[in-house]
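J.: Can you keep this structure in mind? I'll have questions shortly.
Values quoted throughout were computed directly from the atomic coordinates according to the rules given, and no laboratory measurement underlies them. All values derive from a computational prediction rather than experimental measurement. Cβ coordinates were reconstructed from backbone atoms using ideal geometry, including for glycine residues, and neighbour counts include every protein chain displayed.
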Amino acid sequence: YVAGGKAGVLDTEAFVKRGMKVDYASQSGPMLVVNGQIHPKFSAGGTSLKRRNGVGIVGESMLVFAISENPVNFYDFAAFFRDQIGAKNALFLDGSVSSLYSAELSRNDGFLPLGPMVAVVK
């Protein structure tokens, strides 16, 4: 979510409990990391390998978006957010149709018909 110039990642229950007025929010799931812990339903060595993307919150309100280069299971993707990025909370956004366009990275994955999109405009 984005509210009043700050951003965050919360599970639905926490979001509803806060009764926030937001400028933008998206619901997806599952949560990958909640309060610094990998989602308890994920297991190391899981066999569901897909290209994945997600968003995590670092510090008070810095959003970090990540997309896997190769197929990965939920546990390893969650561990990346927690251990490499330092995200206290992270949310899975999408799987097999994950794509990224970034002029800075000279990256254009090509686009299948996509649903939700997030853009950073400077």
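J.: Under the rule of -39500 (n - 2.57) per DSSP H run of 4 or more residues, summed and divided by the residues of the chain, what mean residue ellipticity at 222 nm is obtained, to the nearest 500 deg cm²/dmol? Please report the intermediate quantities before stating the final value.
T.: Numbers: 2 runs with 13 residues, N = 122.
Counting only the DSSP helices, I get -2500 deg cm²/dmol.
J.: Of LYS17/LYS50; LYS41/LYS122; LYS6/LYS50; LYS21/LYS122, which ones are farther than 29 Å apart at the Cα? Intermediate values should be presented prior to the final figure.
T.: Numbers: LYS17/LYS50 32 Å; LYS41/LYS122 38 Å; LYS6/LYS50 31 Å; LYS21/LYS122 24 Å.
In this structure, LYS17/LYS50; LYS41/LYS122; LYS6/LYS50 exceed 29 Å between Cα atoms.
J.: Pull up all non-local amide H partners of VAL72: gap of 5 or more, or a different chain, and H-to-H distance under 5 Å with H placed in the peptide plane.
T.: LYS50, ARG51, ARG52
J.: Let me ask something else. Mean separation of Cα pairs under 8 Å and 6+ residues apart, divided by the residue count of the chain: what relative contact order is that in percent? Intermediate results must be reported in sequence, preceding the final value.
T.: Values: 209 pairs, mean separation 32.4, N = 122.
RCO, the chain: 27 percent.
J.: Is the chain rounded, prolate or oblate when judged by the Cα gyration tensor, a ≥ b ≥ c being the square roots of its eigenvalues, rounded requiring a/c under 1.5 and prolate requiring a/b larger than b/c?
T.: Working: a/c = 1.66, a/b = 1.09, b/c = 1.53.
Since a/c reaches 1.5 but b/c is at least a/b, the shape of the chain is classed as oblate.
J.: Give me Rg/Rg_expected for region 32-89, where Rg uses Cα atoms only and Rg_expected = 2.2 N^0.38 Å with N residues.
T.: Details: Rg = 10.8 Å, N = 58, 2.2 N^0.38 = 10.3 Å.
That works out to 1.05 for region 32-89.
J.: About the Cα centre, and with charges only on the beta carbon of Lys, Arg (+1) and Asp, Glu (-1), how big is the dipole of region 36-122? Nearest 20 debye, please.
T.: Details: 8 positive and 7 negative charges, 29 e Å.
That gives a dipole near 140 debye.
J.: Further question on the same structure: Positive end of the charge dipole of the chain (Lys, Arg +1 and Asp, Glu -1 on Cβ, about the Cα centre): tell me which of GLY110, GLY95, TYR1 has its Cα farthest that way.
T.: Going by the charge dipole, the pick is TYR1.
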